[in-house]
Amino acid sequence: MAAEVIAIASDHAGVETKEALKDDIAAAGLRVTDLGTNGPDSVDYPDFADALTEEIGAGRAERGILVCGTGIGMSIAANRKPFIRAALCHSATEARLAREHNNANVLVVGARSMGIETVRDCLKAFLETAFEGGRHQRRVDKMS
Ligand code: RB5
């Protein structure tokens, strides 16, 4: 079976964090699709959230990671799509629960509001945790 594809995107505030997370995703044996941005020039986070949600919507990626300064703009932008459950997480516990209870398909982190080690812990929990289903499936279905 082919390795899961994880799409990743950031605005200018999250480029360095995105690069670090790409390495972690690849080290976990998963495939990475980098949708930019790739430099320090100021860009608009909704454009990159849209690129990532389109990748998931088209079935080219199973899950995604979004990074901006706070994670807030990317969360708002991504969650406009009915098939996206984007979770802004500040701890590994939140990232684990976002998978177990909410079947989150996008992890959002803030490059300016979180330390890189906490961000990497969130990524690890997000990648390694499965959805629990059961009573949580009914709740997730109500949002689709
Ligand atoms: C960019 O300056 C900043 O506004 C953006 O990265 C993000 O934090 C928005 O929510």
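Overview of values
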{"read-out": "Residue check, residue 36 at pLDDT 95 or above and over 13 Å from residue 67 (Cα atoms)", "value": "no"}
{"read-out": "Long-range neighbours under 6 Å by Cβ, at least six apart or interchain, first residue more than 22 Å from residue 5 (Cα to Cα) within the stretch 29-45, second open to solvent by less than 90 Å² (accessible area, probe 1.4 Å)", "value": "40/12; 42/12; 43/11; 43/12; 43/37"}
{"read-out": "Members of the stretch 58-93 found to be buried (at least 17 other Cβ atoms within 10 Å of the Cβ), under 18 Å from residue 139 (Cβ atoms) and more than 16 Å from the ligand (Cβ to nearest atom), listed by number", "value": "84, 85"}
{"read-out": "When residues of the stretch 68-91 are limited to those that are assigned to a loop (DSSP other than H, G, I, E, B) and of a type in the set (S, T, N, Q), the one nearest to residue 14 (Cα to Cα)", "value": "70"}
{"read-out": "Matching residues in the stretch 107-138 - criterion: being outside any helix (DSSP H, G or I) and more than 11 Å from residue 90 (Cα to Cα)", "value": "112, 129, 130, 131, 132, 133, 134"}
{"read-out": "Output for the stretch 39-53, where each listed residue is of a type in the set (Ser, Thr, Tyr) and either more than 17 Å from the chain's Cα centre (by Cα) or modelled with pLDDT under 95 (or both)", "value": "42"}
{"read-out": "Of all residues in the stretch 9-34 being part of a loop (DSSP other than H, G, I, E, B) and surrounded by fewer than 22 Cβ atoms within 10 Å (Cβ to Cβ), the one that is farthest from the chain's Cα centre (by Cα)", "value": "29"}
{"read-out": "Subset of the stretch 94-109 [open to solvent by less than 70 Å² (accessible area, probe 1.4 Å) and either in contact with a strand residue (DSSP E or B) (Cβ under 8 Å, 6 or more places away or on another chain) or in contact (Cβ under 8 Å) with a residue 40 or more places away in the chain (or both)]", "value": "95, 98, 104, 105, 106, 107, 108, 109"}
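The values are calculated or read from the model by the stated rules, or taken from the named source; none is laboratory data. Small disclaimer: the values here were computed from a predicted structure and weren't measured. Methodologically, a virtual Cβ is constructed for each residue, glycine included, from the backbone with ideal geometry; neighbour enumeration extends over all protein chains shown. The area values use the complete protein model at the heavy-atom level, side chains included, leaving out ligands, DNA and RNA. Shrake-Rupley method; radii C 1.70, N 1.55, O 1.52, S 1.80 Å.
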